[in-house]
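Structure first, commentary second.
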Amino acid sequence: MIEEKIKKLKKERDAIILAHNYQLPEVQDIADFVGDSLELARIAKEVKEKVIIFCGVHFMAETASILAPDKIVILPDLHAGCPLANSITPEDILNLKEKYKDYAVVSYINTTAEVKAVSDYICTSANAVSVVEKISEDKIIFVPDRNLGYYVSKHTKKEMIIWDGFCPTHQRILPQNILKLKEKHKDAKILVHPECRKEVLDLADKVASTSGIIKHVKEDDHHRYIIGTEAGLLHRLRKEVPNKEFFLASPLAVCANMKKITLEKILWSLEDLAPQVKVPDHIREKALIPIMRMLSL
Ligand code: SF4
């Protein structure tokens with residue numbers, strides 16, 4: 001069986017498998033850790049194994065490489081990119097900095113290593129409001145997600161310029177999807193990710209990161225939930241909270257890039273120790289600064 005082969009080779013290669021909450025169910029099940037970007041970044045920094053098989057998208061493997069430069073970081077399919085991360089370039093940031101000289105640039109972790117290297121702070125969906133609130137600057141350029149930016153702007157008095165990027169997967173979740181499900185399951189609570197469009201955010205009972213959604217359903221006394229994020233999270237929710245019911249807000253909320261990682265590709269990547277993601281030192285050193293600022297907050 002392929003799972004057995006992966007487990008055996010993983011030991012021989014001294015490797016650990018990290019998987020994002022949006023990965024295919026079978027990939028989540030074979031992983032040593034499943035989590036959101038921030039949790040996986042923190043784990044990548046601490047692991048003792050020589051090799052990290054990163055089941056996620058390219059910017060996440062880059063973040064692991066930035067935080068753990070002495071490890072071999074492998075992304076089983078180099079084509080697993082993120083259109084949101086690719087919606088802004090370092091040149092865009094430098095142009096904004098030139099135009100708005102007294103603003104601090106807060107970049108969502110869904111950005112390339114080059115963009116991180118020219119940012120002042122990094123944030124994740126779990127800590128975006130708290131990062132913007134805690135930093136000393138009152139004027140913020142927030143990139144690249146306009147919906148997360150909108151959500152943060154509702155929770156801070158700071159002045160914000162927000163880049164017009166978005167996640168195509170979360171964008172496909174429409175308010176009418178939520179309303180239709182709510183009509184059918186009147187007692188269901190609506191939990192959505194902040195990358196959803198603002199009309200969806202405004203309908204939610206709670207807006208939270210994937211780890212925030214998991215924590216909420218574990219601690220909450222409700223039994224039914226409409227989940228507004230990528231389909232992969234439902235696998236984890238149903239596995240870890242089997243006594244509750246979850247409804248995916250839209251059948252179209254599937255990230256094709258996250259689904260590029262398969263068991264076969266994990267096995268091949270362990271066999272070949274490729275393809276590797278290695279952020280060059282001159283970018284890594286600069287990108288590490290805003291990431292460490294976030295981790296220290
Ligand atoms: Fe990028 Fe959206 Fe896919 Fe996440 S779900 S990797 S933000 S495209």
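The values are calculated or read from the model by the stated rules, or taken from the named source; none is laboratory data. Being a predicted model, the structure only gives us computed values, none of them experimental. Here the Cβ positions follow ideal geometry from the backbone for every residue, glycine too, while neighbour counts run over all protein chains shown. Accessible surface is based on the protein model in full, side chains and every heavy atom, while ligands, DNA and RNA are left aside. Shrake-Rupley method; radii C 1.70, N 1.55, O 1.52, S 1.80 Å.
Assorted remarks:
- Put simply, of V217, V152, V241 the only residue that is under 28 Å from A104 (Cα atoms) and of a type in the set (V, I, T) is V152.
- Test set (1) touching a residue at least 40 places away in the same chain (Cβ under 8 Å); (2) in contact with a Lys or Arg (Cβ under 7 Å, 6 or more places away or on another chain) - A128 fails condition number: (2)
- Residue in segment 201-208 that is more than 16 Å from the ligand (Cβ to nearest atom), over 23 Å from V132 (Cα atoms) and of a type in the set (D, E) present: no
- Across segment 64-89, the number of residues qualifying as within 13 Å of the ligand (Cβ to nearest atom) and not in a loop (DSSP other than H, G, I, E, B) comes to 3.
- Total residues in segment 139-154, condition under 18 Å from E199 (Cβ atoms), more than 15 Å from the ligand (Cβ to nearest atom) and of a type outside the set (K, R): 3
- For the residues V57, V106, the requirement of being within 16 Å of the ligand (Cβ to nearest atom) and not assigned by TED's automatic domain parsing to the domain that holds R238 singles out V57.
- Annotation: of all residues in segment 90-126 being part of a helix (DSSP H, G or I) and among the aliphatic types (A, V, I, L, M), the one that is surrounded by the fewest Cβ atoms within 10 Å (Cβ to Cβ) is L94.
- Being modelled with pLDDT of 95 or more and surrounded by fewer than 17 Cβ atoms within 10 Å (Cβ to Cβ) holds for only one residue in N177, N243, and it is N243.
- Every pair of residues 6+ apart whose Cβ atoms lie under 7 Å, when the first sits in segment 204-218 and is open to solvent by 20 Å² or more (accessible area, probe 1.4 Å) while the second is in a helix (DSSP H, G or I) and not polar (S, T, N, Q): K206/H216; V207/Y151; V207/L201; S211/E39
- Meets criteria (surrounded by 14 or more Cβ atoms within 10 Å (Cβ to Cβ), within 21 Å of the chain's Cα centre (by Cα) and outside any loop (DSSP other than H, G, I, E, B)) for L237: yes
- Total residues in segment 1-37, condition of a type in the set (A, V, I, L, M), more than 16 Å from the ligand (Cβ to nearest atom), touching a residue at least 60 places away in the same chain (Cβ under 8 Å) and open to solvent by less than 40 Å² (accessible area, probe 1.4 Å): 5
- Of all residues in segment 38-66, those that are among the basic types (K, R) have Cβ atoms under 7 Å from Cβ atoms of residues that are open to solvent by 10 Å² or more (accessible area, probe 1.4 Å) and assigned to a helix (DSSP H, G or I), 6 or more apart or on another chain, in K45/L67.
- Looking at segment 132-199, the strands (runs of 3 or more DSSP E) lying wholly inside it that each contain 2 or more residues that are outside the structural domain of E114 (by TED's automatic domain parsing) sit at 189-192.
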